[in-house]
Amino acid sequence: MRIKIIGISGSPREGNTNILVNECLRSAQELKDVETEFIHLADYKIEGGCIACYRCFKEPDPEKLCYAYKDELNLVLKKMLEGDGFIFGCPVYWGSLTSQFKTFIDRTHPFSGLGRPLRNKPVGGVTVALGKIGGQENVLFEIIKFAIFMDMIPIGVKVAWPRE
């Protein structure tokens, strides 16, 4: 059985977040029967955030997804329906998510109308920042919070204690 892991970068530019997400995907490719896909949100024309029109709830359609916009983020959402697991990456901007990644999160509301198709799929989060106390914990918390809201399974790393 083939497994597909999708990595999504919310960085507005080419940089360390893309490198980190792609390294995670490269490691996953070393496993048997795993294929990966990298999505850089900056490569897609995204018109705006959710306007709470609720058409995606009233008229759920896996082909249309978001009714408010006919932009390329709908293509990303359709690709996500093919994923078995995810790596979400976002750099720290002013102690939080980038506007691109926040827009992405907000625009996933159509998944709720479709019966939460991401339920029980694992997701890992990665982030980078300029400083060592630059807000990484806030970004990871937002990624985990999003995963929980979507009924996904957040995957963490084991904390390595000095005694171990």
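The values are calculated or read from the model by the stated rules, or taken from the named source; none is laboratory data. What you see is a predicted model; the values in this text were computed from it and never measured. Neighbour counts run over all protein chains shown; Cβ positions are idealised from the backbone, glycine included. For accessibility, only protein heavy atoms count, side chains too; no ligands or nucleic acids. Shrake-Rupley method; radii C 1.70, N 1.55, O 1.52, S 1.80 Å.
Values computed for the structure shown
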| quantity | calculated |
| --- | --- |
| Answer residue from the range 8-36, given it is within 17 Å of PHE104 (Cα to Cα) and not in a helix (DSSP H, G or I) and is farthest from the chain's Cα centre (by Cα) among those | ARG13 |
| Residue within the range 31-41 that is among the hydroxyl-bearing types (Ser, Thr, Tyr), more than 16 Å from GLY83 (Cβ to Cβ) and free of Cβ contacts under 8 Å to residues at least 60 places away in the same chain present | no |
| Test for PHE101: is it open to solvent by 20 Å² or more (accessible area, probe 1.4 Å), of a type in the set (A, V, I, L, M, F, W, C) and under 20 Å from MET152 (Cα atoms) | no |
